[in-house]
Each structure stands twice: as structure tokens, then as C-alpha cells.
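To start, the structure itself, in C-alpha cells.
The values are calculated or read from the model by the stated rules, or taken from the named source; none is laboratory data. What you are looking at is a predicted structure, and each value in this text was computed from that prediction instead of being measured. Glycine gets a Cβ as well: all are built from the backbone with ideal geometry, and neighbour counts include every protein chain shown. Surface areas here come from the heavy atoms of the whole protein model, side chains and all, with no ligands, DNA or RNA. Shrake-Rupley method; radii C 1.70, N 1.55, O 1.52, S 1.80 Å.
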Amino acid sequence: MPAPVRGRAGELLVGVVVRAHGLRGELGVDVRTDSPDERFAPGAALVGRCAGAADVTLTVESLRWHSGKLLVRFTEIPDRTAAEPLRGTRLLVHVSELGPTGDPDEFHDHQLEGLRAELADGTVVGTVREIQHGPAGELLVLARADAPDALVPFVHAIVPTVDLDGGRIVLTPPDGLLDADLNPAG
């Protein structure tokens, strides 16, 4: 899954229109969310943003999977002629519309970004700048004042505590993980 991308403040990318499909205005969407059936549920309103054009609100009318690809129909797009110019449009959702994950050990990226990263003894080592999603799992990118960014695997053994209310994460890194010469994140 590609890394989530932020739009303007408070927005997250959930998909990109790749092509028009058929004559009735369906759009093929490159999914950029782990919850496509929720983000593209009928009635969901998304922000459509394309370079050189004003933002538009797109309301999901229907969705279906076809040959492993998501096809979405928006109420504002009546036919293929209206769908064609939307190629490349970024589909965004407002962060305020994201509900809780339902799992106490699962977090939205925006909840982690900006948290203070500290060791178990309280020593501050940086701030979570972003989360990178890769095939082997998630990595926290820590911005550090006096060293290059560090990549920290987001696994319970290394990040045993996520304290959203306290604005921090607690790290128990193995030796060398935070050494600048061994962790070139930038």
C-alpha cells in the first residue's frame, strides 16, 4: 500500500482517479486507503482536487470492484464526457471525518504525526514527522534536532507506548537504531 499523502491541512489522500470506465460516468480509482469500502461508501463526500482547477465536492453514488480495481460512480458525474476530465484528480477526505479505528493498538497517521518521541527514561529523541508504509510494515520518521531523521519500525517491541493524550510515544530501541551513522533516513 502506498504511503498516505496529506492534502492541505486536515486532509488525507484516499484515492486518485486513473480513468473513465464505461459510458455511465464510472471512474477507475487507484486506492490510497486501507478502508476503501468505508471511504467510498455511498453517500460519502470527498474533495476532488486537480491541478489548475477549483476543488469540487464529489458524492459517492456507488462503488464496485471489477478485476481487482475500484470503480466509483459519483452523483455529480452523469456520463463519460463528464468523467474524462477527472483523470488525475486526487480524492481527499477531511481528517475530522475519520472515526476511531476500533482497535486500541491501531492509529491513523495524523494521530501519530507531531507526537514527541522519548525513551523509557523520559529523554526526548525527536518528533514523529511522518509514517512510511511499506511491504514489511510501518516506519515512524523521527525528526531530530541535532541529527538526521531516524526511521523507527512501528512495532510493539520498539514502540510499546502510544500516549495520544500525553502527546508522546515511548521508544525502547535496540542498540544502534538511533545512531545517525547507522540510520540514514534522509
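Just a few scattered comments:
- For Phe107, the accessible area of its heavy atoms, probed at 1.4 Å with every protein chain present, is near 50 square angstrom.
- Here r is the Cβ-Cβ distance between Trp65 and His94 and R0 is 22 Å; the resulting FRET efficiency, rounded to 0.05, is 0.30.
- Share of carbon and sulfur in the accessible heavy-atom surface of the range 9-159 [1.4 Å probe, %]: 54
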